[in-house]
Amino acid sequence: MGKQENKIAVGYLRVSSKGQIRGHGFERQRDEIRRYAKKHGYKIIEWYKEAYTGTEQDRPEFLRMVEDMLSNGCRTIIIECMDRFGRRSMVSEQLLALLIRKDITMISAMTGQNVTEDVQDENDPWKKFIVQMQNNIAELDKRLLVHKLRKAREAKRAKTGRCEGRKPYGCCPEEEETIKRMRQLYRKKPGEERLSCHRIAKILNKEKRPTRKGGPWQGPQVQQILKRLKLAK
């Protein structure tokens, strides 16, 4: 009979602040996880080191780990102990609920406890809470994503004044002269009718002023830009 293949797992290492990175916390946790993995036939395929505390938004390595596991087929996380996983019960409960929803097992190397299995035990007082969390976790996922995207948009908007989509024509320095010319052509002269957008497009083409893509101007394009500049009605 051939030798049984190792089960695969990942190791999650965590200290509660960046200042603890230089200490022996990661090394101690790694050794404990390795001892458990060797004894129980697990092969550690990846290590994830976290130096943050707080909520899911503050744990980029945890979220990266879960994302990786959903694509690489690994479904077991080994930690040193629950104390290293999280000191705040609400945060730990949220993270455990997320793992349960994704069908990921978490084991404590120090106690040998299958944490995600035990919290679902019918005789355990956590069960009702975990069921509630699983019902609400989809919204939590969405809220976290929305929060992350909103923060990114707000930061970019504060820096540039705009964040969604392509920059409108006229934002690039080389386009400023054409915008200036459009304004000039659209301005109504005394005793004359205002030039139409189609007429302005023909003049721009005759003056060899290309669009952003290098093609000829069309009336609707000119009209759209003038409306954005609050000139055309």
Single residue of Ala232, Ala201 found to be surrounded by 14 or more Cβ atoms within 10 Å (Cβ to Cβ), at pLDDT below 90 and small (Gly, Ala, Ser): Ala232
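Sort through Thr53, Thr111 and tell me the only one that's part of a loop (DSSP other than H, G, I, E, B), at pLDDT below 85 and either in contact with an Asp or Glu (Cβ under 8 Å, 6 or more places away or on another chain) or of a type in the set (Val, Ile, Thr) (or both). Give the steps one after another, and end with the answer.
Details: Thr111 fails: at pLDDT below 85.
Answer to the selection: Thr53.
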Within the range 122-143, is there a residue that is modelled with pLDDT of 65 or more, in a helix (DSSP H, G or I), of a type outside the set (Lys, Arg) and not assigned by TED's automatic domain parsing to the domain that holds Gly214? no
Candidate set: the range 102-119, residues that are in contact (Cβ under 8 Å) with a residue 12 or more places away in the chain and farther than 16 Å from Arg84 by Cα; chosen: the one surrounded by the most Cβ atoms within 10 Å (Cβ to Cβ): Val119
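The values are calculated or read from the model by the stated rules, or taken from the named source; none is laboratory data. Just so we're clear, the structure is a prediction, and the values are computed from it rather than from any experiment. Every residue, glycine as well, gets a Cβ built from its backbone with ideal geometry; the counts of neighbours run over all protein chains shown.
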